[in-house]
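A short reminder: the numbers here are calculations on the coordinates, not readings from a lab. Predicted model, so just to flag it, every value in this text is computed and none were measured. Because the Cβ atoms are built from the backbone with ideal geometry, glycine has one as well, and the counts that use them run over all protein chains shown.
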Amino acid sequence: MIHQYDEPVYLISIVAKVLEIHPQTLRQYERENLVTPSRSNGRIRLYSQKDIDRIKLILRLTRDLGVNLAGVDIILRLKENVDSMEQDILSLRQEVLKAKNSHTVSHDKALVAKKSIYDMIIFED
């Protein structure tokens, strides 16, 4: 059976065994809000593959690079911000390309020619 990347299916004991860490370490990461596993109706922690990958990153930062948990928290928040901005940039690039190809612009957007380079100006109501 194949599970979705963010589907919570792994028990804490399985994750601890796979990552070769103590379950208490996983509980500490949860207390520090570094990882947020889902909970079953019986309040059992369930981890997704996405959670496991995040824990692997935490372990790499702490073990290999010597970063403390406060530093890990900052790094993870910055990474999330960068990932979000990269998605925004990709979306905006696609909008610009679409507008260039269709030669039309929606009423709330305008293309401004500037030395044959197009900048998108977004007007919000």
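Entry remark, region 41-69: residues being more than 18 Å from the chain's Cα centre (by Cα) and free of Cβ contacts under 8 Å to residues at least 12 places away in the same chain number 10 in total. Cβ-Cβ distances below 8 Å connect the following pairs, each with a first residue in region 77-93 that is of a type outside the set (Gly, Ala, Ser), a second residue that is surrounded by 10 or more Cβ atoms within 10 Å (Cβ to Cβ), and a separation of six or more residues or different chains: Leu92/Met120. For region 22-50, filtering for residues that are of a type in the set (A, V, I, L, M) and in contact with an Asp or Glu (Cβ under 8 Å, 6 or more places away or on another chain) leaves 2. Every condition in (1) within 25 Å of Leu78 (Cα to Cα); (2) of a type in the set (A, V, I, L, M, F, W, C); (3) loosely packed, with under 13 Cβ neighbours inside 10 Å holds for Ile55 except the one numbered (3).
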